[in-house]
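The values are calculated or read from the model by the stated rules, or taken from the named source; none is laboratory data. Treat the numbers as computed from the prediction; the structure is a model and nothing was measured. So basically every Cβ, Gly included, is an ideal-geometry build from the backbone, and we count neighbours across all protein chains shown.
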Amino acid sequence: MSRVVTSVRRACRVAMSVLGAGLILAACGTTTGTVAVVGVPSHSITVPLRVVACTTDNSCVTVGTSGSDSGPSSVGEFRTPNGRWTPLYVPPAPSSLVTTASCWSTACLIGGTQPSGDLLWIYDAQARRVAATPAPQVGHGVSAVSCFALASCAVVDSLGVAQGSRLSFTSDGGATWSTPTLMNWSIGDQITGVSCTDLSNCLIAASGVGGRVQLELTSDGGVSWSTRAASPLWNAVTSLSCHARRCVALMSTANGSVMERSQTFGRLWSGVTLNQRANALACRSFTNCVVVGQTKSGAPWLATVLHRTVTTASLRYVPTPLTGTACGARDCVAVAVSTVVTTRP
């Protein structure tokens, strides 16, 4: 972080010792323009970047698909240890879209939709390779992925609006999958996020008719579900990540976005208002996160959230709004249509 940010944090700590915790939230609110983040053009201008992910060992990858059945259909890049983004072979993906990704220490699963149904790729961070991997059978498209341990992940895929979505697990990096469990409560809903802490406990976010947000929790791998209360101010959950019982989520509202934290696996939430239109969120820890999107005037926007302090970055060479972000052990990265950026919150 810059000296300015360091000074702000030091001032906040001093204020806390003098004024007490009750006043520190007002004393340490939103700051702007204190961090410079420089964008780098992607290696392809014909296929937009759509998904970015980082392993817990700090290897980051970004991939994109055109959605077209003609011309270049896919693109990929990985970030080398020295910070350089390098082209990466990605399987051709005509008429396909990648939409979601999640990682463990050495690899990432990337999900989406292709003409035949579920699309699943695996990024091997050690071999620096992306390849197709088996998906749960007869799915119509992957909605969300959550990896929570070495080679262990959950996938939510759809059977269509009339039949709802399913939850499946893998413990071997996607080579095999458990028998999918149908989530009857999801019929008519769009799944927007899943986060599992193990093979039993998962929190899933969905959007229904009229912008209704639904949060559902399972403690038995999808056999039974309980509804978590959702604020009527939330229009959608666009990012969701849980570790143990601590969850961080990004919610869109009528006035912008709010970052919500929960220490009770989604039962109770505490929000930080962002006042801009955030598209995605990623965290290095429960209290240290990055949010990206656009300002109310449509300009690209990136901010870090340390506890409740929101610090807006000064972006250079980022021509379009940022759409995705991910954090590894040290760095966080973000992507726009044809731009990648790196920051260390």
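Looking at the stretch 119-165, which of its residues are surrounded by 22 or more Cβ atoms within 10 Å (Cβ to Cβ) and in contact with a helix residue (DSSP H, G or I) (Cβ under 7 Å, 6 or more places away or on another chain)?
S165
Can you work out which of the residues in the stretch 283-294 that are within 15 Å of T311 (Cα to Cα) and surrounded by 17 or more Cβ atoms within 10 Å (Cβ to Cβ) is farthest from the chain's Cα centre (by Cα)?
Our first condition is that a residue be within 15 Å of T311 (Cα to Cα); within the stretch 283-294, this holds for 283, 287-294.
Remaining after also requiring surrounded by 17 or more Cβ atoms within 10 Å (Cβ to Cβ): 283, 289-294.
Details: C283: 9, C289: 11, V290: 10, V291: 10, V292: 10, G293: 12, Q294: 16 Å.
Looking at the filtered set, the residue picked out is Q294.
For G64, indicate whether it is under 20 Å from C147 (Cβ atoms) and crowded, with 24+ Cβ neighbours inside 10 Å.
Numbers: under 20 Å from C147 (Cβ atoms): no; crowded, with 24+ Cβ neighbours inside 10 Å: yes.
It is false that G64 is under 20 Å from C147 (Cβ atoms) and crowded, with 24+ Cβ neighbours inside 10 Å.
Residues that are farther than 18 Å from W177 by Cα and aliphatic (A, V, I, L, M), at least 1 per element: which strands (runs of 3 or more DSSP E) completely within the stretch 112-165 meet that? Before the answer, list the steps.
Details: elements: 117-124, 129-132, 142-149, 152-158.
Correct list: 129-132.
Collect the residues in the stretch 166-190 that are surrounded by fewer than 19 Cβ atoms within 10 Å (Cβ to Cβ), assigned to a strand (DSSP E or B) and under 22 Å from the mean Cα position of the chain (by Cα), keeping them in residue-number order.
Result: Q190, single match.
Name the one entry in Q214, Q137 that is on the phi < 0 side of the Ramachandran plot and either among the β-branched types (V, I, T) or at pLDDT below 95 (or both).
Values: Q214 fails: either among the β-branched types (V, I, T) or at pLDDT below 95 (or both).
Going through Q214, Q137 in turn, the sole match is Q137.
Looking at the stretch 310-334, I want the residues that are at negative phi and modelled with pLDDT of 95 or more and have a partner that is in a loop (DSSP other than H, G, I, E, B) and surrounded by fewer than 20 Cβ atoms within 10 Å (Cβ to Cβ) with Cβ atoms under 6 Å, at least 6 apart or on another chain. Which pairs are those?
V310/T30; T320/V337
Name the residue that is farthest from I110 (Cα to Cα), counting only residues in the stretch 304-345 that are of a type in the set (G, A, S) and over 15 Å from the mean Cα position of the chain (by Cα). I'd like the intermediate steps shown before the answer.
Kept after step one, since they are of a type in the set (G, A, S), are these residues of the stretch 304-345: 313-314, 324, 326, 328-329, 334, 336, 338.
With over 15 Å from the mean Cα position of the chain (by Cα) added as a condition, the list becomes 313-314, 329, 338.
Values: A313: 28, S314: 30, A329: 19, S338: 19 Å.
Residue satisfying both the conditions and the ranking: S314.
Please find, among L167, L150, L119, the residue that is under 15 Å from T192 (Cβ atoms) and of a type outside the set (V, I, T).
Numbers: L150 fails: under 15 Å from T192 (Cβ atoms); L119 fails: under 15 Å from T192 (Cβ atoms).
The match here is L167.
If I filter the stretch 95-111 down to residues being of a type in the set (S, T, N, Q) and part of a strand (DSSP E or B), which single residue comes out as farthest from L281 (Cα to Cα)? First the steps, then the outcome.
Of all residues in the stretch 95-111, those of a type in the set (S, T, N, Q) come to 95-96, 99-100, 102, 105-106.
Subset that is part of a strand (DSSP E or B): 99-100, 102.
Numbers: T99: 15, T100: 13, S102: 13 Å.
Result: T99.
Looking at (1) β-branched (V, I, T); (2) in a strand (DSSP E or B); (3) modelled with pLDDT of 95 or more, can you tell me which one V47 breaks?
(2)
For D57, indicate whether it is within 25 Å of D331 (Cα to Cα), touching a residue at least 24 places away in the same chain (Cβ under 8 Å) and of a type in the set (D, E, K, R). So that I can check it myself, show each step before the final result.
Numbers: within 25 Å of D331 (Cα to Cα): yes; touching a residue at least 24 places away in the same chain (Cβ under 8 Å): yes; of a type in the set (D, E, K, R): yes.
Yes, satisfied.
I'm told L274 meets every condition in (1) more than 23 Å from V63 (Cβ to Cβ); (2) surrounded by fewer than 24 Cβ atoms within 10 Å (Cβ to Cβ); (3) among the hydrophobic types (A, V, I, L, M, F, W, C) except one. Can you identify the failing condition by its number?
With respect to (1) more than 23 Å from V63 (Cβ to Cβ); (2) surrounded by fewer than 24 Cβ atoms within 10 Å (Cβ to Cβ); (3) among the hydrophobic types (A, V, I, L, M, F, W, C), L274 is out only on (2).
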